[in-house]
1. Within the range 282-300, how many residues are among the aliphatic types (A, V, I, L, M) and at pLDDT below 80?
2. What number of residues within the range 332-344 are touching a Lys or Arg at 6+ places or on another chain (Cβ under 6 Å) and either modelled with pLDDT under 75 or outside any helix (DSSP H, G or I) (or both)?
3. From the set of residues in the range 131-165 that are touching a strand residue (DSSP E or B) at 6+ places or on another chain (Cβ under 7 Å), part of a loop (DSSP other than H, G, I, E, B) and open to solvent by 20 Å² or more (accessible area, probe 1.4 Å), which is nearest to LYS53 (Cα to Cα)?
4. Taking the range 70-128 on its own, how many of its residues are of a type in the set (Ser, Thr, Tyr) and either farther than 19 Å from GLY149 by Cα or open to solvent by 40 Å² or more (accessible area, probe 1.4 Å) (or both)?
5. Is there any pair linking a residue in the range 63-75 that is under 15 Å from LYS107 (Cβ atoms) and free of Cβ contacts under 8 Å to residues at least 60 places away in the same chain to one that is open to solvent by 60 Å² or more (accessible area, probe 1.4 Å) and part of a strand (DSSP E or B), with Cβ under 6 Å and at least six apart or on different chains, and which?
6. Quick check on my filter: what residues within the range 202-219 are touching a residue at least 40 places away in the same chain (Cβ under 8 Å) and either of a type in the set (Asp, Glu) or open to solvent by 40 Å² or more (accessible area, probe 1.4 Å) (or both)?
7. Taking only pairs six or more apart or across chains, which ones have beta-carbon atoms under 7 Å, a first residue in the range 116-130 that is at pLDDT 95 or above and assigned to a strand (DSSP E or B), and a second residue that is open to solvent by 10 Å² or more (accessible area, probe 1.4 Å) and aromatic (Phe, Trp, Tyr)?
8. Condition first: outside any loop (DSSP other than H, G, I, E, B) and of a type in the set (Ser, Thr, Tyr). Now tell me which residues in the range 166-179 satisfy that.
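The values are calculated or read from the model by the stated rules, or taken from the named source; none is laboratory data. Note that the structure is a prediction, hence the values are computed from the model and not measured. Note that each Cβ is placed from the backbone with ideal geometry, even for glycine, and that neighbours are counted across all protein chains shown. Surface areas here come from the heavy atoms of the whole protein model, side chains and all, with no ligands, DNA or RNA. Shrake-Rupley method; radii C 1.70, N 1.55, O 1.52, S 1.80 Å.
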Amino acid sequence: NEIKKRRREYIEQLPPNKRFQHNEYDVTYQWSLAKEIDPALEPSCKVRENDAKREEEQSKVRFELIINDGKPETLVTLVNLKNIFSKQLPKMPKEYIVRLVFDMQHKSMVCLKGTTVVGGITFRPYYPQRFAEIAFCAVTANEQVKGYGTRLMNHLKEAVKREYIRYFLTYADNYAIGYFKKQGFSKVINYHQKNWFGYIKDYDGGTLMECHILEKIDYLQIPRILQVQRSAIYEQIRLYSKSTHIYPGLPDFKNGSKGIAIEQIPGIVEAGWKPSDQKYYRDRDSLSSLHTELGRIAKQLKAHNSSWPFLKPVSKEEVPDYYDIITDPIDLETIGKRLESGEFYKTREIFFAGLIIYFVIVS
């Protein structure tokens, strides 16, 4: 509530033409207020990136954006990064990896533990087009599942934001699609093709993915932003939810009762149950039993030695005048599809009426 109050005060003092930029969905501003009101606010959810962030704050790991400047220390780092890409991306030609990693038009965001490279992302920025192509992304095998991959990507997003890059494009193989989806990438390409077509290399078997980089989001504070959003949602749920209300047990069965009306169970009506629900579930269960029974009958018909001509609909090409003579055709495949839909055979009578037609056709 304090966050809402402060946000409202902040928005009201803005000029009218600026207010739309600071609406209730501006999560970066929400977090800045939350942190100001409660500096100790920390995410309660378990997010892998939290571990990597904690190690970064403890100076156990660091993230650096490097380019091949010819310095010995830079070359050593790039060689180590190249070795990780070669090992973790075995289908990628090693010569191609070397060429791009050491290319002066490419940059790399690396994660280091001391002087040891544990992972990195190599990319090429296209500044006039305001996008960057991610060429390689990998973390060494013994350092995976620790949040370094997510932290690397978030550091990269913050770094390219300062260079006015607004989109990432990359070709992901089937193993990498899941990772990129978690980092905000999508298979739907909204960035206009004229801005990137002809600039990036097309990979056979890869899926083109896009990520829109938003200026207002502080990607290094994603876990905290998510916690603020989660807390706001939980606050709204608590206004309507009665899940914390515990009702006493039913004494009826101890007293020898063998049944009780549903509406007499404490909390049922309060949870939104209506008498009409009872009829719905009873009808649904009875239909399920009916379709199970009818399915067994249809299965026996299909297994009969003489059913083979009627397993599938009759082809017009094979029997051109069939549908002129049989105006209400039926076959076992059609019966099976109607049973699967659950919408056609509401009663046994409808099913057996279809079977009578079937037997007439067969005879």
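1. 3
2. So in the range 332-344, the residues touching a Lys or Arg at 6+ places or on another chain (Cβ under 6 Å) come out as 332-333, 344.
Next, only the ones that are either modelled with pLDDT under 75 or outside any helix (DSSP H, G or I) (or both) stay: 344.
Residues in the range 332-344 being touching a Lys or Arg at 6+ places or on another chain (Cβ under 6 Å) and either modelled with pLDDT under 75 or outside any helix (DSSP H, G or I) (or both): 1 in total.
3. THR140
4. Here is the first cut: in the range 70-128, the residues of a type in the set (Ser, Thr, Tyr) are 74, 77, 86, 96, 108, 115-116, 122, 126-127.
Cutting the leftovers down to either farther than 19 Å from GLY149 by Cα or open to solvent by 40 Å² or more (accessible area, probe 1.4 Å) (or both) gives us 74, 96, 115-116, 126-127.
Final tally of qualifying residues: 6.
5. From the range 63-75, no pairs qualify.
6. Of the residues in the range 202-219, the ones touching a residue at least 40 places away in the same chain (Cβ under 8 Å) are 209-213, 215-219.
Residues satisfying the conditions are GLU210, HIS212, GLU215, LYS216, ASP218.
7. Hits for this filter: TYR126/TYR199.
8. TYR167, THR170, TYR171, TYR179
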